[in-house]
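Structure record follows, encoded as structure tokens.
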Amino acid sequence: MQWKPIIAGVDGSAESLRAASVAWQIARAADAQCVLVCAVPDLWAPGGISPLVNSAEIFDLLVSDLRHQIARELAAEIPEVIRQALVARRGRPGVVLDAVAREYGAGLVVVGGRHHGALARGLGGSTAHHLVRTSAAPVLVVEASGRKPRRVLVATGLFAAAGPTLSTAKRYADLLEAQLRVVHVVEPAKFPTVVPLSLDMTVFEERSRVEFDRLMKLELPHVPLDDRVVRRGSADEEIAEEAAAWHADLVVLGSHGKSWVDRLLIGSTTERLLNRLPTSLLVIPINRPAIEQPAKGRVGARARRPKGKGNLRPALKTPS
């Protein structure tokens, strides 16, 4: 399968330069096109009357300075032809990167990782947070070291769309010649207080393990048993702990996205991991309609799920 173009956001920061280097490493290994993209935000005059960047001279000057910086910092890592083909656009970085990625039909968008508080994330957040919410292509957020991943940890649920996340993780692990490990987190089931039922978590966890084993046999049968991990607890906490314990270089997970209200008040597993993981994070966008449509032969597809054994419906007890 041919790899699609890889887009890297650069703004002159150390984080973005590391991201550009990693993007080129992946593109070279995949024999894919690598495109460096710079977004020049509006620079407002004192008093906020009009944006200064509307001046073509100022725009060209800023882009020229960035080209020189990239040449100075990355001359030994990225070929001149890639550096000189830098795409520069006016606008917010997340919006520009998303637009360019769609124009090129990109298969990956790479950006540098930075930490932001909950309020900043809810009200706009970083370029990485924006792309995770909006990008149609996978988004790779590169951590501080920028080293080539040697251990890839993929976190998966037991839903019908788990397949694309697992297959994408395997594709990158094979490309990077990295070891692959899969983790599934069994989270405590939450029911409204008005439901007069109690949940047998032991049975629920056992059934989750059965479904996880079946998913692995279907999607990644060659992953060793030692690299198939089931944890119990909060998803973001358990994934982060597994990544740290195993010394993962890259964590892969699928993301459904949330409304801005959800992000501000409760966040998401993906966005919480963006702000706590000391490792790179590859986020695979999951199309919600594709999830809701039953998938033939996929784990979690209701039309194919047998009753009884393997059914993920939790065991409930009526209080005596």
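Quick one: would you say Arg171 is at pLDDT 90 or above, under 19 Å from Leu140 (Cβ atoms) and of a type outside the set (A, V, I, L, M, F, W, C)?
yes
Considering (1) at pLDDT 95 or above; (2) under 17 Å from the mean Cα position of the chain (by Cα); (3) not basic (Lys, Arg), say which one Val87 fails and leave the rest.
(2)
The values are calculated or read from the model by the stated rules, or taken from the named source; none is laboratory data. As the structure is a prediction and not an experimental result, all values here were calculated from the model. As a convention, Cβ positions derive from the backbone with ideal geometry for all residues, glycine included, and neighbour counts pool all protein chains shown.
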